[in-house]
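The values are calculated or read from the model by the stated rules, or taken from the named source; none is laboratory data. Quantities reported herein were computed from a predicted structural model and do not represent experimental measurements. Cβ placement follows ideal geometry from the backbone for every residue including glycine, while neighbour counts extend to all protein chains displayed. Keep in mind that these areas ignore ligands, DNA and RNA; they rest on the heavy atoms of the full protein, side chains included. Shrake-Rupley method; radii C 1.70, N 1.55, O 1.52, S 1.80 Å.
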Amino acid sequence: IAQAAAPVPPGREETLDARAILQRAVDVAGGEAWLNPRTLVMRGRAVFYGPDGAQPRSTADDYRMWRIFNPDRSVSHAADGMVRIRARSGGRTLFEVGFDGRTTWNERGLVPQAEADAYWASNFGFGIIRQALRPGFQLARVPDGEVDGHPVFKIRLTDPGGQQTLFSIEKQSGAIRAMEFATPRGWHMRTYGDFVELRNPRWLQARTVTLYYNGVKQNEVFWTDVQVNAPVDPALFRHPAPPVD
């Protein structure tokens, strides 16, 4: 991690409250620029695993995500802003999903609302941490733990509607190492590693993201290119989706 937080003074760990822990994580992640991004464009590769989580089922050599953020997000586990995700292997589309602010679609067409709600409820959750210091959100510290060998503080974030998410924040560096929440698919945990600090704006980015449901690994994403606040055309998120090179 390029820029670690100031170390927690000896004997202070037990006295830190959830808000102080989160504020330290925000400072490490990039401060105001990280709290209020306009857009995010990411590119890398991904590996998808079978039901037992042991053997790869497929690999996307071209995995991309485009985001336009909603600065007033208040719901933790629902589609928000605009998002498009595409996975390709050898030029063939494995899957694609998008949300234009109202409508969800995938490579097969428009997605019925109930199906879309369940999909996003099982996948969306990290970005709500950017709102957590605002009025209407509740923060509580829960017992400490460990993620990939790193001792972590754990905090529970409750949004204004009552949805909850657990975040694990590394004690040494202040980096966000994991999030967890209940979903229609079961208990979801997402871990973050291989951090790099970007510039203009300063932004702590995890280059490795691993997703689990009920303790079984589902996929790993390896980000190689990340752009923060780059121009993104809202037309990219509409259905039918325009092609992207």
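Ligands, DNA and RNA left out, the accessible area of region 87-139 computed with a 1.4 Å probe is 49% carbon and sulfur. Think of a 1.4 Å ball rolled over the protein heavy atoms: region 144-245 then has 46 Å² of accessible area per residue.
Working from label points 7 Å from Cα in the Cα-to-Cβ sense, the ARG57 to ARG12 distance is 4.6 nm. Highest mean packing comes first when the peptides 66-75, 233-242, 90-99 are listed by Cβ atoms within 10 Å, giving 66-75, 90-99, 233-242. The separation of region 160-195 from region 82-117, counted between C-alpha centres, amounts to 24 Å. As a fraction of the 1.4 Å probe accessible area of region 189-245, surface on carbon and sulfur atoms comes out at 49 percent. Available extension along the chain between ASP225 and ARG102 is 41.5 nm, counting 0.36 nm per residue and deducting the alpha carbon span. Only one residue of ALA121, VAL232, PRO242 has its Cα farthest out toward the positive end of the dipole of region 106-245, where Lys and Arg carry +1 and Asp and Glu -1 on Cβ, and that residue is ALA121. FRET efficiency for the GLN138 to ALA118 pair, using the beta carbon distance and R₀ = 25 Å, is estimated at 0.50.
Largest to smallest in accessible area, the residues MET42, MET82 fall in the order MET82, MET42 (1.4 Å probe, all protein chains included).
Of all trypsin sites (Lys or Arg not before Pro) in region 153-200, which ones are in loop regions per DSSP and have a Cβ with at most 13 other Cβ atoms within 10 Å? Don't skip to the answer; put the middle values down first.
Values: sites: LYS154, ARG156, LYS171, ARG177, ARG185, ARG190, ARG199; in loops: LYS171, ARG185, ARG199.
Those that pass, being in a loop and sparsely packed, are ARG199.
The angle between the Cα long axis of helix 18-29 and the longest principal axis of the Cα atoms of the chain comes to about 60 degrees, rounded to the nearest 10. Across the chain, the relative contact order, built from alpha-carbon pairs under 8 Å that are at least six residues apart, equals 24 percent.
Using +1 on the beta carbon of Lys and Arg, -1 on that of Asp and Glu, and nothing else charged, what's the dipole of region 161-228 about the Cα centre, debye to 20?
On the way: 8 positive and 6 negative charges, 16 e Å.
In total the dipole reaches around 80 debye.
About the centre of its Cα atoms, the chain shows a dipole size close to 260 debye [charges on the beta carbon of Lys, Arg (+1) and Asp, Glu (-1) only; nearest 20 debye].
Please report, in cubic angstrom per residue, the volume enclosed by the convex hull of the alpha-carbon atoms of region 1-145. Provide the component values of the computation, followed by the final result.
Values: hull volume 25.3 nm³, N = 145.
Per-residue hull volume (Cα only) is 175 Å³.
Go ahead and estimate [θ] at 222 nm for the chain from helices alone: -39,500 (n - 2.57) per DSSP H run with n ≥ 4, summed, over the residue count, rounded to 500. Walk me through the intermediate numbers first.
Details: 3 runs with 25 residues, N = 245.
Dividing the helical sum by the residues of the chain leaves -3000 deg cm²/dmol.
With the Cα gyration tensor of region 180-245 giving a ≥ b ≥ c as the square roots of its eigenvalues, does the rule (a/c under 1.5 for rounded; else a/b larger than b/c for prolate; else oblate) give rounded, prolate or oblate? Since a/c reaches 1.5 but b/c is at least a/b, the shape of region 180-245 is classed as oblate.
In region 7-148, taking the dipole from charged Cβ atoms about the Cα centre, the farthest positive-side position among THR93, PRO143, PHE69 is held by THR93.
Packing-wise, with mean Cβ within 10 Å as the measure, how do 54-60, 23-29 rank, highest first?
Numbers: 54-60: 13.0, 23-29: 20.7.
Per-residue Cβ counts within 10 Å, averaged per peptide and sorted highest first, yield 23-29, 54-60.
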